[in-house]
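Here is the structure we will look at.
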Amino acid sequence: MVTRSQPGLAAQAISCWKTSFLSFRALFNWLTPGQFVLAMVATPIMEMIFFAFLGSSLGVENSRFFLLGGAMLAACGPSVAGGVMALTSERHFGTFEHLLVSRRSRSYLLLMRAIPYSFMGIVASALTLVAGMIALRVTLPPRELATFVILLFFGCLSSAFFGMALGVLGLVVSNVFLLMNVAISTISIGAALVVPFSVLPVGVQLASHVLPVRHVAAGVRNMDVQDFGSSLLWNAGSELLVAAGWALVMLASFSRLESRMRREG
C-alpha cells in the first residue's frame, strides 16, 4: 500500500500562507482602493486632525503626540476589522465548512491569517502618518520612522489576533461588528492613543496591559528620548506577549467552538 508522506513544517507554513493570502483577497470587504481609503485612511486622518487641534488648544498634548496616536489608531482599524472578518465572513459566504474539513493544521491556518491584515494595518498607518505630517507640519526623523514601523507591526499583529478572537464570537452571535467598533474605541482610549496615559484611572491603566498596541504606544512615545534602546526592547517584547496571549485565546475559543459544533451536528 502506498502512503502519502506528510509535508514538512516549512511546506505547511508556505501552503498556509498562500491559503491565508487567498482568503484575505476573498473575504476582505473593501475590495476597491476607493472604499479602503475612505474607510481606513480618510476617517483616521480626520480623527487625527480633530484631536490634534482640540488637544493642542486645550494644552493636553502637542501635535506630535496626536500624530503618532492617530497613525497607530489607523493601524488598528484594518487589523482588528480584518481579524474579525477572517472568521465571520467564512460564515457569511458559506465557506466555514471547508475550513472545518481541511486536512491542514488548524493552528497554521488561523495564525497565518493574521499576517495579511497586519500588513494592511501598516499600509493604512503609513498613509495616515504622511498625511498627518503634512497637515500638522510635524516631521519625524528617518530613524524614528523606521522604529515606528517595526514596533507598529507587533501592534498590528496583536490587533489582528484580538480581532480574530472577536471573530470566533462572531460565529455564534450576529452583532459582532458593534462589539468590534466598541473594541476599537476601547483601544483608542485604553492604549493611550488619543489621551495621555497618565490621566487614565488606575484600574484602566492596569487593564490596558492586555490591550493591543498599548505597549507599542508606550515605546513610540519615547522615541525622541536619547537612550530608549532598553525601553524599545521591553515594549516590543511585551507587545509580542500580548499578541501571543490573544492568539492562544483565539485558538482555544475556536477549538472549543469546533468541538461543540461537531458534537451537536
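The values are calculated or read from the model by the stated rules, or taken from the named source; none is laboratory data. Everything numeric here is computed off the predicted structure, so don't read it as measured data. When we count neighbours, we look across all protein chains shown, and the Cβ atoms used for this are built from the backbone with ideal geometry, even at glycine. Quick note on the areas: whole protein, heavy atoms, side chains included, nothing else; ligands and nucleic acids left out. Shrake-Rupley method; radii C 1.70, N 1.55, O 1.52, S 1.80 Å.
The table for this structure:
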quantity: Some residue of the stretch 63-77 being modelled with pLDDT under 85, of a type in the set (F, W, Y) and open to solvent by 10 Å² or more (accessible area, probe 1.4 Å); calculated: no
quantity: Pick from the stretch 140-155, criterion of a type in the set (A, V, I, L, M) and part of a helix (DSSP H, G or I), ranking: surrounded by the most Cβ atoms within 10 Å (Cβ to Cβ); calculated: L152
quantity: Helices (runs of 4 or more DSSP H) contained entirely in the stretch 180-265, each with at least 3 residues that are within 16 Å of the chain's Cα centre (by Cα) and modelled with pLDDT of 90 or more; calculated: 214-221, 229-264
quantity: Yes/no for F177 being touching a residue at least 60 places away in the same chain (Cβ under 8 Å), within 17 Å of S79 (Cα to Cα) and either of a type in the set (D, E, K, R) or open to solvent by 20 Å² or more (accessible area, probe 1.4 Å) (or both); calculated: yes
quantity: Residue that is at pLDDT 85 or above and either among the basic types (K, R) or over 22 Å from the mean Cα position of the chain (by Cα) (or both), where the choices are F93, F53; calculated: F53
quantity: Criterion: open to solvent by 60 Å² or more (accessible area, probe 1.4 Å) and within 16 Å of L151 (Cα to Cα) - qualifying residue of L169, L233; calculated: L233
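Condition check ((1) under 13 Å from the mean Cα position of the chain (by Cα); (2) modelled with pLDDT of 90 or more) across all residues:
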{"position": "G132", "(1), (2)": "no, yes"}
{"position": "V138", "(1), (2)": "no, yes"}
{"position": "E144", "(1), (2)": "no, no"}
{"position": "V149", "(1), (2)": "no, yes"}
{"position": "F154", "(1), (2)": "yes, yes"}
{"position": "L157", "(1), (2)": "yes, yes"}
{"position": "A160", "(1), (2)": "yes, yes"}
{"position": "L166", "(1), (2)": "yes, yes"}
{"position": "L169", "(1), (2)": "no, no"}
